[in-house]
1. Under a Cβ-Cβ cut-off of 14 Å, what is the net charge of the residues other than THR45 that fall near it, where Lys and Arg count +1 and Asp and Glu count -1?
2. Can you grab the distance from the C-alpha centre of the stretch 36-57 to the C-alpha centre of the stretch 91-141, Å, no decimals?
3. Which FRET efficiency, nearest 0.05, do GLU132 and GLU109 yield, Cβ-Cβ r, R0 30 Å?
4. First select every other residue whose beta carbon is under 15 angstrom from the beta carbon of VAL91; then total the charges, Lys and Arg +1, Asp and Glu -1.
5. State in Å² the accessible area per residue of the chain; use a 1.4 Å probe, count heavy atoms of protein chains only, and round to the nearest integer.
6. Computing the accessible area with a 1.4 Å probe over protein heavy atoms, can you report the carbon and sulfur percentage for the chain?
7. Compute the semi-axes of the equivalent ellipsoid of the stretch 1-140, taking the square root of 5 times each eigenvalue of the Cα gyration tensor, and list them largest first in whole Å.
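The values are calculated or read from the model by the stated rules, or taken from the named source; none is laboratory data. Remember, it's a predicted structure, so these values are computed and weren't measured experimentally. Here the Cβ positions follow ideal geometry from the backbone for every residue, glycine too, while neighbour counts run over all protein chains shown. Surface areas here come from the heavy atoms of the whole protein model, side chains and all, with no ligands, DNA or RNA. Shrake-Rupley method; radii C 1.70, N 1.55, O 1.52, S 1.80 Å.
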Amino acid sequence: IHWISLLASLGLTVVRMRAARAGSREGLDRSVLVTLEYAEGPVATLAYSWELRGLPNGVRWSACYGTAGTLRFETNGLLALQTGRRRRVIVPGLVDLLGYRAMWADFFEAIRHNRAPAYTLAAAERDLRLVEDAYASLDAH
């Protein structure tokens, strides 16, 4: 759901969501390709697989490809490499590896200042609906 949330939060309007499963339709979905179509024209794809071997301790590399460049990053946020129009290496550090500190800080600031949290109930409901749409499309074919 985290990747779906990211793709749904790019500032575009998701109008269609489809998924295709690799391999057997029985059991857990181990490898899936998801496409999101946006009202504004772009299309995003998300490919993931739990069947690919990764480095020890859950270290995995991910990538976002765009028309202006590519962002490759260690999935937990340890390191990112940007190429294309702008080239740089980003090392956020180990301070808040799982993001809990940032989530709790936002939660308490929302309470303190009587404002909505950064990740709202509406966004959570949207993300869950999109994931359910993806699974429903798996059943359709």
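1. With Lys, Arg at +1 and Asp, Glu at -1, the net is +1.
2. 18 Å
3. Values: r = 31 Å, r/R0 = 1.02.
According to the calculation, E is roughly 0.45.
4. Numbers: positive: ARG72, ARG87, ARG88; negative: GLU74, ASP96.
Net of charged neighbours comes to +1.
5. Accessible surface, normalised per residue, equals 73 Å².
6. For the chain, the apolar C and S fraction of the accessible surface comes to 60 percent.
7. Numbers: eigenvalues 131, 99, 63 Å².
After diagonalising the Cα gyration tensor, the semi-axes are 26, 22, 18 Å.
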